[in-house]
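Below is one structure, written out as structure tokens; comments come after it.
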Amino acid sequence: MDIALWVTQALLALIIGPAGVMKLVLTREALAAKRQQEYAAEIPPTQLKLIGLAEVLGALGVILPWLTGIMPILTPIAALGLAVIMAGAVATRLRRKEPAIVPIVLTLMALFVAVGRFGLLG
């Protein structure tokens with residue numbers, strides 16, 4: 001089970017981390033011009049930057065605490081935070097009548113890590 005959790009944690013970090021960095025470094029207009037990022041035009045710039053920051057911190061949080069052994073309880077907490085962010089992405093996609101499969105899968109992955117790292121999986 002530990003290997004499955006590590007693989008899932010790595011995938012979450014590799015997918016969500018760069019997406020968060022994009023939200024931090026690109027302007028709202030530049031982000032909205034990208035394919036699959038059109039929603040950015042509807043979100044205030046400050047809120048978009050905060051989402052990006054939360055994604056970057058969550059991506060770091062699902063890896064570093066468990067890896068280093070320093071406050072490992074932060075890993076499942078970070079995973080829960082990512083699940084909340086991705087649930088918001090699902091809601092945004094559905095509201096815009098866009099496919100929501102990617103954020104749904106990422107939400108489920110984050111929940112798997114949270115449950116697994118909280119020790120709730122046999």
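All conditions in (1) within 23 Å of residue 92 (Cβ to Cβ); (2) not in a helix (DSSP H, G or I) hold for residue 70, with the sole exception of (1).
Within region 20-29, the set of residues being surrounded by 17 or more Cβ atoms within 10 Å (Cβ to Cβ) and either acidic (Asp, Glu) or in contact with a helix residue (DSSP H, G or I) (Cβ under 6 Å, 6 or more places away or on another chain) (or both) comprises 20, 23, 28. Within region 56-72, residues that are closer than 11 Å to residue 117 by Cβ and modelled with pLDDT of 95 or more reach partners that are basic (Lys, Arg) and surrounded by 12 or more Cβ atoms within 10 Å (Cβ to Cβ) with beta carbons closer than 7 Å, at six or more positions or on different chains, in the pairs 66/117.
Summed over region 44-63, the residues that are closer than 22 Å to residue 109 by Cα and either charged (D, E, K, R) or surrounded by 17 or more Cβ atoms within 10 Å (Cβ to Cβ) (or both) give a count of 10. Yes or no: residue 16 farther than 11 Å from residue 113 by Cα, in contact (Cβ under 8 Å) with a residue 60 or more places away in the chain and out of contact with any Phe, Trp or Tyr (no Cβ under 7 Å at 6 or more places or on another chain)? Judged against the criteria, residue 16 is a match.
With respect to the stated conditions, residue 41 is part of a helix (DSSP H, G or I), at pLDDT below 95, among the small types (Gly, Ala, Ser) and surrounded by fewer than 16 Cβ atoms within 10 Å (Cβ to Cβ). Of the residues making up region 89-122, those that are surrounded by fewer than 14 Cβ atoms within 10 Å (Cβ to Cβ), of a type outside the set (Val, Ile, Thr) and part of a helix (DSSP H, G or I) number 4.
The values are calculated or read from the model by the stated rules, or taken from the named source; none is laboratory data. As the structure is a prediction and not an experimental result, all values here were calculated from the model. Here Cβ is always computed from backbone atoms with ideal geometry, including for glycine, and neighbour counts include all displayed protein chains.
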